[in-house]
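Note sheet for the following structure.
Coordinate-derived values only; no laboratory data. The shown structure was predicted, so the numbers you read here are calculated from the model rather than taken from an experiment. Here Cβ is always computed from backbone atoms with ideal geometry, including for glycine, and neighbour counts include all displayed protein chains.
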Amino acid sequence: MSSAFVHHNGEVRLVIQIPCFNEAETLPQTLAELPRRVAGFDEVLWLVIDDGSTDATAEVAKLHGVDAIVSLTNNRGLAVAFQSGLDASLKLGADVIVNTDADNQYSARDIPLLLEPILSGEADLVVGTRDISNHEEFSWSKKRLQKIGSWVVRQASATDVSDVTSGFRAYSKEAALQVNVVSQFTYTLETLIQAGRSDVVVADVPISVNATTRPSRLFSSKRQYVRRSAGTIFRVYAMHRPLRVFNIPAAFFAIVGIVLFARFAWFYLTDGGDGYIQSLIVGAVCLVIAMQMLMLGVLANLLRANRVIGERVLRRVRNIELVIDDYNSPEEDLRPEE
């Protein structure tokens with residue numbers, strides 16, 4: 001990645017996006033702390049993604065000087081709102097995009113720290129990591145879940161990010177063009193695994209947090225969070241490493257089948273094999289399962305190749321759309337009415 005950004009009008013633009021759902025009460029405080037000037041950028045724009053709010057989130061955003069609002073017709077989930085924000089930010093001419101939460105959890109003072117690795121050309125995606133161990137508002141069980149979950153995602157993503165669930169992130173334009181969120185639950189895990197398994201350079205920087213203003217709305221219980229997060233991690237990892245996902249169980253069933261066949265052969269040669277026919281049957285079933293798993297892995301790997309081609313095509317289409325939008329002044333379509 002190059003540390004120099006080239007915008008169509010010669011300016012370097014930062015867009016700070018905030019996905020919102022019924023955040024009329026907390027949004028003013030969040031916006032009050034956002035910067036309008038950041039070193040290294042000629043212009044800083046604020047973007048709010050209203051994810052089908054039923055309160056006055058959009059009106060509050062307009063009153064507090066938000067430059068652009070994307071209004072979704074109904075509540076589609078945090079992941080969809082995040083992806084919609086990236087698409088809108090790119091159409092606004094963003095060279096770098098910062099994503100933050102509407103509940104003012106993350107300190108806006110740390111935005112320059114978040115941007116530094118991108119401006120210096122050291123990273124394409126930067127994650128702001130909280131000090132989980134000393135986070136007073138996290139219970140002991142939540143801290144343990146965060147640490148275990150982060151370790152699992154680090155293995156799946158081949159990154160060193162210590163706080164994988166942090167939504168305080170900065171994306172270069174090239175990194176944002178490659179994001180393709182499938183989940184509707186949360187984007188944090190999926191996008192990190194996706195980035196780590198592609199050519200996106202990922203880094204993290206320590207950040208500070210503000211006092212909690214409201215409970216998390218992302219999940220109703222820790223059990224639900226663990227279940228849905230585990231499903232997301234497995235699904236995304238399987239998309240990027242299908243052969244490993246299928247070959248491991250295939251090898252297990254193959255070994256069991258071979259052992260059972262060897263057991264039957266041993267007793268067959270020593271005492272005729274009477275009473276051990278079940279080893280032969282179960283061994284055959286295990287070998288059939290192993291072969292099926294192996295074939296599924298091959299098919300999944302072929303599908304992965306098609307998905308990679310599709311993502312490259314999507315990235316080029318997005319680039320073409322941005323070039324066309326430059327001539328159609330798309331920013332006027334997203335900015336709030338006066």
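A few notes on this one:
- Electrostatic tally near Asp42: other residues with Cβ closer than 11 Å to its Cβ, Lys and Arg +1, Asp and Glu -1, net -1.
- Between amide H atoms placed 1.01 Å from N, distances below 5 Å from Phe168 occur with Gly128, all of them 5 or more places distant or on a separate chain.
- Working note: Karplus 6.51/-1.76/1.60 with θ = phi - 60° gives segment 92-98 the couplings 7, x, 5, 8, 9, 10, 10 Hz, where Gly and Pro are set to x.
- The Cα-based radius of gyration of segment 13-239, divided by its Kirkwood radius, gives an Rg/Rh of 0.93.
- Rounded to the nearest whole Hz, the Karplus-based 3J(HN,Hα) values (6.51 cos²θ - 1.76 cosθ + 1.60, θ = phi - 60°) of segment 41-46 follow the sequence 10, 7, 8, 10, 10, 9, with x at glycine and proline.
- Interchain or long-range residues, amide H under 5 Å from Glu23's placed H: Thr57
- For segment 255-266, backbone phi angles converted through the Karplus equation (6.51, -1.76, 1.60; θ = phi - 60°) give residue-by-residue couplings of 5, 4, x, 5, 4, 5, 5, 5, 4, 5, 4, 4 Hz, Gly and Pro being listed as x.
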